[in-house]
Amino acid sequence: MPKSIIGGIGMYVPGNVYTNNDLTKFMDTSDEWIQERTGVRERRFADRSNETTATMGIEAAKIAIERAGITPQDVDFIIFATLSPDYYFPGCGVLVQRALKMNEIGALDIRNQCSGFVYALSVGDQFIRSGMYKNILIVGSEKHSFILDFNTRSRHISVIFGDGAGAVVLQPTEEENRGILSTHLHSDGNDAEILAMYNPGSHANHWVKNLADYNEAEIGDQYESHSMIDAAQNLPVMDGPGVFKKAVAKFPEVVLEALNKNGYSPADLALLIPHQANLRISQFIQHKLKLRDEQVFNNIQKYGNTTAASVPIALCEAWQEGKMKQGDLICLAAFGSGFTWASALMKW
Ligand code: COA
């Protein structure tokens, strides 16, 4: 049975750099607070009129496809992970198919927020292993800036996130010492509402009992309306300490699950690439797993948390910086809204 390898990888981040000091023009915050609590120094925000989640994903995809040594017409399946799609529907996968003039191949969108890319990788891996597809394009892309609230009331959320995209081409290999060894997917919906954007949505107050525990705002209209916008009910909400607590428990657990499954220990890792949620979370994982600095890759300082794009962007930068060589043991791990969390262990 073939294993999957990453045959090509690419990333795209918008040119607009917003430093922490830039954010102080919109809200009551400071560079010191943001760096101390999150590690973020700056982030990119997409051009409001020209760049979308799909267009950024397409740019990253073009690079990944070229580096894989194939053409867009050789791709036989698309998986697109995002929480900020261009349209409520259809998904972004078909926009990639159209823009890159691909054949009438399957296009699947994944709505798993921060773990979306690792979930997508796991789905793609199954298709490669079964022999169904040979060139799978996986894209993670986010344009958070259009849903972030730059008012002081949302400062604990808005300072963390940024825009960008990453993409990989997954291909089969028969080589012994290469490829994805295993993937591990998890969820726990008990706290689904503590990191969420409720509207526009079909909840119609169905979950309001839960929502009331976390959000003082009255959840009234079930569809976008002036009153909803006036009451700021169409914006993301986050219980930061609640997310932090769960993340630092589940991240190390899912990394160890992948290592144990394949007979490895943290000391064997050449590189852990965690979802760039928050530098403090990455440092906690590093400490818990007793990893050296050079075993953990962080670039949240430059891009903020780019949700489904963060793992492929970090993977691409780590590769571009020459941090992986063939045969190295690499672990990707992610945790986020849902909650969902996941890992993938591979030999590069
Ligand atoms: N600038 C300045 N002050 C801020 C601020 C900001 N951007 N955001 C919040 N504060 C203030 C709060 O108003 C509060 O003030 P008060 O004590 O006067 O009430 C104080 O800082 C502490 O707020 P709190 O929310 O308890 O901060 P925290 O130490 O938990 O840090 C997070 C907030 C969001 C950085 C932290 O909880 C976190 O990292 N959580 C995980 C979030 C995450 O990773 N999300 C993505 C998951 S994929």
Would you confirm whether or not the stretch 335-344 contains a residue that is open to solvent by less than 10 Å² (accessible area, probe 1.4 Å) and away from the ligand (no atom under 16 Å from the Cβ)? yes
- Could you tell me whether the stretch 111-119 includes any residue that is surrounded by fewer than 22 Cβ atoms within 10 Å (Cβ to Cβ), in the same structural domain as Thr19 (by TED's automatic domain parsing) and out of contact with any Asp or Glu (no Cβ under 7 Å at 6 or more places or on another chain)? yes
Note on the stretch 151-160: residues within 11 Å of the ligand (Cβ to nearest atom) and assigned to a loop (DSSP other than H, G, I, E, B) are Val159, Ile160
Within the stretch 14-52, residues within 14 Å of Gln301 (Cα to Cα) and among the hydrophobic types (A, V, I, L, M, F, W, C) come out as Val17, Trp33, Ile34, Val40
Across the stretch 116-148, the tally of residues that are farther than 20 Å from Phe161 by Cβ and charged (D, E, K, R) stands at 3
Condition set farther than 13 Å from Ala333 by Cβ and under 9 Å from the mean Cα position of the chain (by Cα), scope the stretch 283-312, selection surrounded by the most Cβ atoms within 10 Å (Cβ to Cβ): answer is Ala309
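Sort out which residues of the stretch 104-117 are among the aliphatic types (A, V, I, L, M) and in a strand (DSSP E or B), and write them in order of number.
Residues satisfying the conditions are Ala107, Leu108, Ile110.
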Residue hits (the stretch 253-282; crowded, with 20+ Cβ neighbours inside 10 Å and in contact with a Pro (Cβ under 9 Å, 6 or more places away or on another chain)) are Val255, Leu259, Leu272, Ile281, Ser282
(1) at pLDDT below 70; (2) among the hydrophobic types (A, V, I, L, M, F, W, C); (3) surrounded by fewer than 18 Cβ atoms within 10 Å (Cβ to Cβ) all hold for Phe146 apart from (1)
Here the residues within the stretch 7-37 that are among the β-branched types (Val, Ile, Thr) and out of contact with any strand residue (DSSP E or B) (no Cβ under 8 Å at 6 or more places or on another chain) are Thr24, Thr29, Ile34
Contact list, first residue from the stretch 23-52 and farther than 21 Å from Arg153 by Cβ and within 11 Å of the ligand (Cβ to nearest atom), second anywhere and open to solvent by 30 Å² or more (accessible area, probe 1.4 Å) and outside any helix (DSSP H, G or I), beta-carbon distance below 7 Å, six or more apart or interchain, is Gln35/Arg41
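Got a number for residues in the stretch 176-201 being assigned to a loop (DSSP other than H, G, I, E, B), open to solvent by 10 Å² or more (accessible area, probe 1.4 Å) and in contact (Cβ under 8 Å) with a residue 12 or more places away in the chain? Steps first, answer last, please.
The first filter runs over the stretch 176-201 and keeps only residues assigned to a loop (DSSP other than H, G, I, E, B), leaving 176-178, 188, 197-201.
Checking the rest, the ones that are also open to solvent by 10 Å² or more (accessible area, probe 1.4 Å) come to 176-178, 188, 197-198, 200-201.
Going one step further and asking which of them are in contact (Cβ under 8 Å) with a residue 12 or more places away in the chain, we end up with 177-178, 188, 197-198, 200-201.
Matching residues across the stretch 176-201 total 7.
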Picking from Asp86, Asp163, the residue that is more than 16 Å from the ligand (Cβ to nearest atom), of a type in the set (Asp, Glu) and closer than 18 Å to Lys62 by Cβ would be Asp86
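The values are calculated or read from the model by the stated rules, or taken from the named source; none is laboratory data. The shown structure was predicted, so the numbers you read here are calculated from the model rather than taken from an experiment. Because the Cβ atoms are built from the backbone with ideal geometry, glycine has one as well, and the counts that use them run over all protein chains shown. Just the protein is used for accessible areas: all its heavy atoms, side chains included, with ligands, DNA and RNA removed. Shrake-Rupley method; radii C 1.70, N 1.55, O 1.52, S 1.80 Å.
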